[in-house]
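The block underneath contains the structure these notes are about, expressed in structure tokens.
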Amino acid sequence: MSAPCATPLPGSPLYDEAALRMLEAAALAQESDATGLMQRAGQAGWRTLLAHWPQAQRIVVVCGPGNNGGDGYVLARHAQAAGRAVVVVRLGTHASRTAPAQAMAAAFEAAGGTVEAFAGALPAADVVVDALFGIGLRQAPDAAATALIDAINSAGAPVLALDVPSGCAGDRGSADGAAVRATHTVQFLLPQLGLQTGDGSDLAGSLSLDTLGIDPLLADVPPQARRIAAADLGHWLRPRARNAHKGRHGRVLCIGGDHGTGGAVLLAAGAALRSGAGLVEVATQGAHVAPLLARWPEAMVRRTDSVSALAGALEAADVIALGPGLGQGAWGHALFDETVAAACAASTPLVLDADALNLLAAHPRSLPPRTILTPHPGEAARLLGTTTDAIQRDRPAAVRELARRWNAVVVLKGAGSLVSAPDALPWLVAAGNPGMATGGMGDVLTGVIAALCAQGLGVESAAACGALLHAVAGDVAASSGGARGLSPLDLIDALRSCANPGAAA
């Protein structure tokens with residue numbers, strides 16, 4: 001009898017620039033015509049333009065000297081053949097550098113196309129097409145290219161980028177200098193990781209993909225991450241058995257809330273309850289007991305003035321969430337040391353956030369084998385001894401290094417949150433919105449992840465599913481009133497419905 005098939009991973013693969021170049025080389029090796037792939041890319045770009053802006057009559061195509069510019073010349077030729085008024089604006093006065101691009105530029109001009117060197121401003125347009133650099137740019141744009149990129153961004157017309165917005169690194173999600181801000185980006189061959197995290201998600205706008213007919217070659221290209229979205233929640237969040245009871249769904253201990261920051265641990269506890277934890281206990285300062293019970297009467301809240309008061313709770317916990325509102329004073333520091341030591345001794349899963357991460361960065365120590373870290377970019381920078389800008393410059397590399405250095409599962413928060421376990425393929429969370437950029441949202445995430453871990457998910461699955469559930473709930477909460485002004489309590493209210501995918505409305 002054959003072995004049963006493994007459960008397929010949720011989500012879809014994402015790739016970096018090296019994978020894209022590998023696939024492009026393999027595809028070109030199979031082409032009988034050196035311009036075949038370029039012609040299909042230009043046609044795909046034209047189809048995308050028609051799909052998004054069917055009424056556009058004036059089209060400006062900005063072409064660079066490489067193959068991305070060749071794609072632009074093909075698009076321009078199709079637009080002109082369709083009766084549109086087309087102008088190609090070229091960077092500098094030099095001809096295209098590659099033979100296929102030279103051929104496509106010559107074909108456009110032979111068909112009567114107009115090509116102008118950039119002279120400081122772009123002609124009026126209904127759509128501007130960015131075919132300047134694609135993935136071919138290896139350094140920050142020079143002064144001439146920067147001026148042209150600035151002109152694209154200030155043209156007052158929607159921008160279609162071919163492959164990647166020029167200036168943006170498709171595998172890092174950042175730009176080293178000026179970069180095009182596209183309205184829509186049509187990716188060729190493979191979906192790129194960097195266009196869905198960090199600055200890349202802003203620069204790329206909405207995304208589509210055209211594989212240009214090379215699908216049979218995809219199996220040999222290794223991905224760099226997997227993209228998970230709302231539809232993937234059901235992979236982890238299965239319906240409960242009818243004879244379920246609270247003991248089967250885990251006991252979460254939330255520790256935090258020093259004087260003045262009790263709201264943080266309140267949010268974490270509420271999120272754990274709404275995400276399905278069987279029991280939630282809270283250890284906090286005495287002043288916060290009554291407010292916590294008033295908001296969440298189902299929580300078990302204890303006054304914790306000293307480390308000794310925690311002993312029984314630490315022993316009983318299935319998962320510990322440490323950090324929301326903890327502070328870095330004597331109280332928080334003592335609880336941090338005792339909790340991490342107890343979790344190490346008992347191998348209890350541990351979710352660290354906020355000041356627990358800051359204390360860890362300031363006082364490095366070994367962590368339990370099942371630890372989840374949930375830093376925002378600033379906290380990630382402290383954990384790696386670098387700057388926030390360095391983290392944001394290459395978020396995929398940062399999350400992998402955090403996981404390796406701390407031997408833990410890491411959720412790097414931000415636009416396009418990334419989740420990584422040591423030596424594992426990262427996850428990219430394709431959900432969430434700018435309204436979630438407000439105080440307290442991270443505390444909610446801590447509670448969500450802890451609750452899922454308590455319910456039996458492994459730490460990597462709990463982190464990936466928790467980050468996704470948190471982001472989807474944020475989108476649901478924002479859908480009723482908009483992103484601006486979204487509060488963590490709005491998100492908590494949406495958690496229950498999102499944590500039950502497929503449930504009857």
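The values are calculated or read from the model by the stated rules, or taken from the named source; none is laboratory data. Source: prediction; values computed, not measured. Here Cβ is always computed from backbone atoms with ideal geometry, including for glycine, and neighbour counts include all displayed protein chains. Heads up: the accessible areas ignore ligands, DNA and RNA and are worked out on the full protein's heavy atoms, side chains in. Shrake-Rupley method; radii C 1.70, N 1.55, O 1.52, S 1.80 Å.
Assuming R0 = 60 Å, can you tell me the calculated FRET efficiency for the pair ALA346 and ASP176, based on Cβ-Cβ distance, to the nearest 0.05? For R0 = 60 Å, the calculated efficiency reads 0.80.
Relative to the longest principal axis of the Cα atoms of the chain, helix 67-81 runs at roughly 60 degrees.
Tell me the mean residue ellipticity at 222 nm calculated for the chain from its helices only (DSSP H runs of n ≥ 4, each -39500 (n - 2.57), averaged over every residue, nearest 500).
After summing the helix terms and dividing by residue count, I get -12000 deg cm²/dmol.
Just the protein heavy atoms count here, and of the accessible area of the chain at 1.4 Å, carbon and sulfur take up 52 percent. The DSSP beta bridges internal to the chain are antiparallel in roughly 15% of cases.
Once both labels are positioned 7 Å from their Cα atoms along Cα-to-Cβ, the gap between ALA397 and GLU315 label points is 4.8 nm.
Judged by the mean number of other Cβ atoms found within 10 Å, the most tightly packed of the peptides 68-78, 187-197 leads the ranking 68-78, 187-197. Assuming charge only on the beta carbon of Lys and Arg (+1) and of Asp and Glu (-1), the dipole of the chain about its Cα centre is about 920 debye to the nearest 20.
Excluding ligands, DNA and RNA, the accessible surface per residue across region 36-148 is 41 Å² with a 1.4 Å probe.
Computed from label points 7 Å out along Cα-Cβ, the spacing between ALA110 and ALA219 is 3.9 nm.
Between the beta carbons of ARG138 and GLN328, assuming R0 = 45 Å, the FRET efficiency works out to 0.60 to the nearest 0.05. One decimal place: the segment GLN30-ASP150 gains 39.4 nm when fully extended, by the rule 0.36 nm per residue minus the C-alpha distance.
Across the protein chains, with a 1.4 Å probe defining accessible surface, the residues VAL411, VAL115 rank VAL115, VAL411 from largest area downward. Between the listed residues VAL429, GLY64, HIS245, the Cα displaced farthest toward the positive end of the dipole of the chain, a dipole computed from Cβ unit charges relative to the Cα centre, is found at HIS245.
Label separation (VAL307 vs ASP337): 0.5 nm, computed from points 7 Å beyond Cα along the C-beta direction. Suppose R0 equals 45 Å. What FRET efficiency, 1/(1 + (r/R0)^6) with r the Cβ-Cβ distance, do ASP423 and ALA119 give to the nearest 0.05? The pair ASP423/ALA119 has a calculated efficiency of 0.30.
The share of C-alpha pairs in region 11-55 whose separation exceeds 16 Å stands at 57 percent. I want to verify the translational diffusion coefficient of the chain in µm²/s; compute it with Stokes-Einstein, Rh as the Kirkwood radius over Cα pairs, at 4 °C and 1.567 mPa s. Rounded to a whole number, D works out at 53 µm²/s. For region 208-305, the solvent-accessible area with a 1.4 angstrom probe is 47 square angstrom per residue. For helix 99-110, what angle does its Cα long axis make with the longest principal axis of the chain, in degrees from 0 to 90 and rounded to 10? The helix 99-110 is inclined about 60 degrees to the chain.
For a paramagnetic label modelled at 7 Å from the Cα of SER497 toward its Cβ, which residues of region 265-287 fall within the zone defined by backbone nitrogen distances under 18 Å? The answer is 271, 274-276.
So how much slack lies between LEU50 and ARG97, counting 0.36 nm per residue of separation and subtracting their Cα-Cα distance, in nm?
14.1 nm
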